[in-house]
1. Output the residues belonging to segment 203-215 that are part of a loop (DSSP other than H, G, I, E, B) and either modelled with pLDDT under 95 or over 19 Å from the mean Cα position of the chain (by Cα) (or both).
2. Quickly run through segment 281-300 and pick out the residues that are of a type in the set (A, V, I, L, M) and buried (at least 18 other Cβ atoms within 10 Å of the Cβ).
3. I need a count of the residues in segment 95-121 that are in contact with an Asp or Glu (Cβ under 8 Å, 6 or more places away or on another chain), open to solvent by 10 Å² or more (accessible area, probe 1.4 Å) and touching a residue at least 12 places away in the same chain (Cβ under 8 Å).
4. Scan segment 208-236 and report the pairs whose first residue is in contact (Cβ under 8 Å) with a residue 12 or more places away in the chain and whose second residue is of a type in the set (D, E, K, R) and not in a loop (DSSP other than H, G, I, E, B), with Cβ atoms within less than 6 Å and a gap of 6+ or a chain change.
5. Taking only segment 122-142 into account, find how many residues are open to solvent by 10 Å² or more (accessible area, probe 1.4 Å) and either among the acidic types (Asp, Glu) or modelled with pLDDT under 95 (or both).
6. Of all residues in segment 232-280 being more than 22 Å from the chain's Cα centre (by Cα) and charged (D, E, K, R), which is surrounded by the most Cβ atoms within 10 Å (Cβ to Cβ)?
7. Has segment 114-135 got at least one residue that is closer than 20 Å to Ala43 by Cβ, part of a helix (DSSP H, G or I), acidic (Asp, Glu) and under 22 Å from the mean Cα position of the chain (by Cα)?
8. Which condition from (1) within 26 Å of Thr170 (Cα to Cα); (2) out of contact with any Phe, Trp or Tyr (no Cβ under 6 Å at 6 or more places or on another chain) is the one that Lys311 breaks?
Amino acid sequence: MSKKDTKTSNVSGFFTKYPALPYVLKWVSISILVGTLAGSASAGFLISLDYVTNLRESNLWLISLLPIAGLVVGLMYQFFGKEVESGNNLLIDNIHEPKETIPLKMAVFVYLGTIITHLFGGSAGREGTALQMAGSLSDQLSKPLKLSIEDRKVLLISAIAAGFGSVFGTPLAGAIFALEFQKTGKMRYNAIFPAFSAAILADLVTNLWQAKHTHYSISNIPELDFKTLLFSILSGILFGICAAIFSKSIHKVGYLFKSKISFPALRPFIGGIIVAVAVWLIGSTKYIGLGIPTILASFTEALPYYDFALKMALTILTLAAGFKGGEVTPLFFIGATLGNALAYFIPLPLDLLAGMGFVSVFAGATNTPLACIMLGIELFGADSAVYMAVAVVTAYLFSGHNSIYTKQFIGETKHKNHKYQEGKNFQEL
């Protein structure tokens, strides 16, 4: 045997002895690329979002231009971005059945659309933008790297993990979210290593760019007993009902806009008029944009009991009309302020109820309970983990078979006596 054959044999024997090593090396390399792209995109987006939010709050007259801004966003997507307009649902479709490479313009359009929405006073979030930027940018790697169909699915899941983890500074929750959100009740464990790798690396990259994340804390955590457990379950039921109302309403209002206004670009124009007038009538900007100051306040002081309802209404109008952004941060706002309102009659600490609502309404609207439990632990600390878990799981069950993502598949029903058929997405129900 020649020296070359001996060397080849030794290498082959080494990989036979450690069969996971080629897989690990491959996905670590890909995760570095995905993490760099997603983390940098999230950092730029977060910095831009802070800038336009401060600009709007210093120039409140900009809100009067929200209808024009809506028309611009509507025209942009109608004439140049129809194939990427479905946003997160397009990502889910490509995870289940990959088609053509997701157009790079998805990242550009959703970034511009979201920045315009926030600059002129729409009520929207940021996770949808982060996921779509990460997914679009990362999918450009699939052809140069000659990825198989199955590997491309894993790539998209990794990108979603990286986008979510980096935009919120919660890489563990981001990875689990990506594994959970595309099909309820079923997780893709073949993507677990790439998802965690990409999410952690993306978070590190975002931090290197010195993009800021919001920090929350819960200081009052009572000892768990039957009484506090009962109140936690009651809270979770109410959070779940709230999540179901949000999910159903955003789809019904979206359908109403589409059925009554045939020209797509006019939908955000009309929606912008309604939102701008509502802000003027309310006399406050606390319910538009991300609403971070109010979320922070919900952990420390009693707020008006109706805060969650007004934020829900303006968010539904904004997103259903066709403005861009995301639902998650508004869901954080809705959940935290609902928890704050529940403190008027549920004898649990105000900050604990706000934290439970923060993650539970999100869990009920996205059907991602494990990700939301981890989100609560990453944001609020492990001491609150049991309370988070009880509220999240209860909200997940009581939100029913509803979702903000219409293309999310039912991998397994929440309970076996449920009428919904497994293997269908929520658009088909």
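1. Listed by number, the residues that qualify are Trp209, Gln210, Lys212, His213, Thr214, His215.
2. Once the filter is applied, which keeps residues that are of a type in the set (A, V, I, L, M) and buried (at least 18 other Cβ atoms within 10 Å of the Cβ), segment 281-300 yields Ile288, Leu290, Ile295, Ala297.
3. Result for segment 95-121: 2.
4. The qualifying pairs are Ile218/Asp351; Asn220/Asp351; Ile221/Asp383.
5. 1
6. Residue satisfying both the conditions and the ranking: Arg267.
7. Yes, segment 114-135 contains a residue that is closer than 20 Å to Ala43 by Cβ, part of a helix (DSSP H, G or I), acidic (Asp, Glu) and under 22 Å from the mean Cα position of the chain (by Cα).
8. Single failed check for Lys311: (2).
The values are calculated or read from the model by the stated rules, or taken from the named source; none is laboratory data. The structure presented is a predicted model; accordingly, all values stated were derived computationally and were not measured. In this analysis, Cβ positions are derived from the backbone assuming ideal geometry, glycine residues included, and neighbour counts consider all displayed protein chains. Only protein heavy atoms, including side chains, enter the accessible area calculation; ligands, DNA and RNA are left aside. Shrake-Rupley method; radii C 1.70, N 1.55, O 1.52, S 1.80 Å.
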